[in-house]
Amino acid sequence: QVQLVESGGRLVQAGGSLRLSCSASGRTFSTYTMGWFRQAPGKEREFVTTIDWGGGSTYYASSVKGRFTISRDNAKNTVYLQMNDLKPEDTAVYYCGASIRPYYSISPAEFGFWGQGTQVTVSS
């Protein structure tokens with residue numbers, strides 16, 4: 001199994017930037033597709049972005065494309081989410097997840113492991 005812990009969430013003004021980190025345990029971290037999802041109050045958890053096991057392929061939700069960048073450092077067992085030009089609608093709890101499915105399988109149901117989440121709040 002893999003254990004995931006997110007960090008880096010905070011209050012930020014619209015137009016600002018933030019970098020989230022997800023630290024993973026386990027020797028098999030590099031074999032998983034990793035993803036970032038977010039969940040706002042009263043809403044379902046939604047896909048943000050994924051990255052394949054080697055870091056060569058990524059997939060982004062249209063709402064964040066061009067603003068967010070996912071990356072991973074397998075040597076450090078860490079995946080990152082760089083968020084630029086943040087908007088109030090980006091406000092949510094952000095979760096990282098691990099999946100045995102390909103990077104283009106983006107349903108939350110396909111991710112078997114999750115972190116506890118980190119709160120990102122974007123003020124106007």
The answer for trypsin sites (Lys or Arg not before Pro) in the range 31-124 that fall in a DSSP coil and have at most 13 neighbouring Cβ atoms within 10 Å is 43, 65
Convex hull of Cα atoms in the chain, direction-averaged projection (nm²): 6.7
Which percent of the accessible area of the chain is formed by carbon and sulfur heavy atoms (probe 1.4 angstrom)? 48
Residue-normalised value, i.e. accessible area per residue, for the chain at 1.4 Å probe, in Å², stands at 51
Could you give the length gained on full extension between residue 73 and residue 105, defined as 0.36 nm per residue of separation minus the Cα-Cα distance, in nm? 9.4 nm
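The values are calculated or read from the model by the stated rules, or taken from the named source; none is laboratory data. Keep in mind that what you see is a predicted model, and the values were worked out from it rather than measured. Positions of Cβ are generated from backbone atoms using ideal geometry, with glycine treated the same way; all protein chains shown enter the neighbour counts. What goes into the accessible areas is simple: the full protein's heavy atoms, side chains included, and nothing from ligands, DNA or RNA. Shrake-Rupley method; radii C 1.70, N 1.55, O 1.52, S 1.80 Å.
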